[in-house]
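Input: a single structure, listed below in structure tokens.
The values are calculated or read from the model by the stated rules, or taken from the named source; none is laboratory data. Since the structure is predicted, the reported quantities are computational estimates derived from the model, not experimental observations. Backbone-built Cβ (ideal geometry, glycine too); neighbour counts: all protein chains shown. We work out accessible area using only protein heavy atoms, side chains counted, and drop any ligands, DNA or RNA first. Shrake-Rupley method; radii C 1.70, N 1.55, O 1.52, S 1.80 Å.
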Amino acid sequence: MDAGMLLPIFSLPSPSGRGDFSQAEAYLNFLRAAGFSYWQILPINPVDAYMSPYASPDLSAGDLLLLDVGALEKEGFVSSAIEVPYEKKIAALCSNLNLRKTEDCPCFQDFMEEKGEEAEAAGLFYLAMGRYGHFRHWPAEVKKDFPGFRDAHKGDRAVRIYCALSYLFEKQWKNILNYAEACGIEIVGDLPYYPGIDSVQRWIHPEHFLLDDDLEPRYVSGVPGDDFSDEGQLWNSPVYDWKALAAEDFAYFRKRIDNALSRYHRLRLDHFRGYEKIYHIPRGEKPAAGHWESVPGETLFAPWKEDKRFLIEDLGFLDEDFHRFRDKFPWPGMRVMALEGPSRWGDRPQIYYTGNHDTDPVPLYVKHMDEKTKRLWEDAMGAEVSTENLLNYAVCRREETVFFQHGDFLENPGRINRPGTCRGNWQWMLPPDAMNEDAAKRIELCLKERAK
């Protein structure tokens, strides 16, 4: 039996108000003591204005808000490790960075040879955002001429600083990955489907998206009504031009997948339904006005068809075409307690989740449960509905792997995200005492029931 814990890195305890790498090793120690085999995180790319990692301004980069400033200060990469609210963290890093020391690192040159082009493009993007605001407000000569803007600002100090911080991000993340391996824990990463409406990818590769002559989206992303929202959801990202991507033999997407597989031990493919067909909503319209378009996902994933490192998110609107597509791959999907209630074990590989980042952790699921669902659970378990009984139900499932949210084990947990809403999401933080030895022992006792 294997057990996994779902917790975003930004939910680790931090005096800045947002978690970062500084507590990652301590959390891995906690997971090892509690008996977990996996730590599933959310994407560690930059977040949007609402702090969502699923509408990123740059799908290739790391979120600099996650940097461990204290470790950087000890190594001499920044001159001060003064604690500041996370909203001021990037500015503090830029003003305190020892740029010469960072650029003189031999490994920095290796980083620039491998990822320098992407890092410089991101630095230029943020430079332009700082000058002109949202992408739709950029002057046409900047919007439509990335090479020209790049040449005009080659060697700009702000771009150099961004590249240096990006290198330090990769350095710290590699250390965490190595520490996880020493703990016997695999980190499960997450590959978002779309970039945000304002993104590096839209600027430097407009040919990959369905855009008009002004490089504005002809269609935006979203889904029709589903388990999370009766009216559907409007994600507002530009949608891919899959014909153009296929004409390039999916070079852009395959590079993203390769990079992600090198960054994590295992990889969750978000919105896997979108690799069979995807929902296009005309810009300015509501989700109900959208339509489905087919996607050549089988060809895209052909190089990894037998690779066992993938997990898939197979939630939402799923039809027979999707099931046929999904079943061509050996990758486990998801069964989610908080979405489906009591359920039977399926015929294909599945991972059982008590919940995901879009659902209540078990204590809140119990608190908000309606009477009909409660009766279904009581009939299935032969016992009253309680957090303890639902956790016991999860650990006794037949699936080989069960994933929990850390909030499942807390008396007063919070929720990570409420789909269809913009405010108050992606902010929940773990209480510091939830990572201590006593907490680990309590969870270990729960997981031992599974081992029996």
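Observations on the model:
So that you can scan it fast, the table gives a plain yes or no per residue for (1) in contact with a Lys or Arg (Cβ under 9 Å, 6 or more places away or on another chain); (2) modelled with pLDDT of 95 or more; (3) open to solvent by less than 40 Å² (accessible area, probe 1.4 Å); (4) of a type in the set (S, T, N, Q):
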| position | (1), (2), (3), (4) |
| --- | --- |
| Leu65 | yes, yes, yes, no |
| Ile82 | no, no, no, no |
| Pro106 | no, no, no, no |
| Gln109 | no, yes, no, yes |
| Glu113 | no, yes, no, no |
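- Conditions (1) at pLDDT below 95; (2) open to solvent by less than 30 Å² (accessible area, probe 1.4 Å); number of the one not met by Ser95: (2)
- Only one of the listed residues (Glu231, Glu216, Glu181, Glu186) is of a type in the set (Asp, Glu) and crowded, with 19+ Cβ neighbours inside 10 Å. That residue is Glu186.
- Test: residue in the range 181-203 that is in contact with a strand residue (DSSP E or B) (Cβ under 6 Å, 6 or more places away or on another chain) and among the basic types (Lys, Arg): yes
- Restricting attention to the range 322-346 and to residues that are charged (D, E, K, R) and buried (at least 18 other Cβ atoms within 10 Å of the Cβ), the residue that is nearest to Leu261 (Cα to Cα) turns out to be Arg326.
- Helices (runs of 4 or more DSSP H) enclosed by the range 122-230 - at least 3 residues per element that are of a type in the set (A, V, I, L, M, F, W, C): 146-152, 157-183, 200-204
- Residue under evaluation Asp241, criteria (1) under 23 Å from Leu311 (Cα atoms); (2) more than 19 Å from the chain's Cα centre (by Cα), criterion not met: (1)
- Residue check, Ala260 part of a helix (DSSP H, G or I), open to solvent by less than 70 Å² (accessible area, probe 1.4 Å), touching a Gly at 6+ places or on another chain (Cβ under 8 Å) and of a type in the set (A, V, I, L, M, F, W, C): yes
- Filter pass, Phe10 being surrounded by 23 or more Cβ atoms within 10 Å (Cβ to Cβ) and farther than 28 Å from Gly196 by Cβ: no
- Output for the range 265-321, where each listed residue is open to solvent by 20 Å² or more (accessible area, probe 1.4 Å) and among the hydroxyl-bearing types (Ser, Thr, Tyr): Ser294, Thr299
- Looking across the range 255-276, the residues that are out of contact with any strand residue (DSSP E or B) (no Cβ under 8 Å at 6 or more places or on another chain) and among the basic types (Lys, Arg) come down to Lys255, Arg273.
- Test: residue in the range 427-438 that is open to solvent by less than 20 Å² (accessible area, probe 1.4 Å), assigned to a loop (DSSP other than H, G, I, E, B) and hydrophobic (A, V, I, L, M, F, W, C): yes
- Hey, Lys144 surrounded by fewer than 21 Cβ atoms within 10 Å (Cβ to Cβ), under 26 Å from Ala260 (Cα atoms) and basic (Lys, Arg) or not: no
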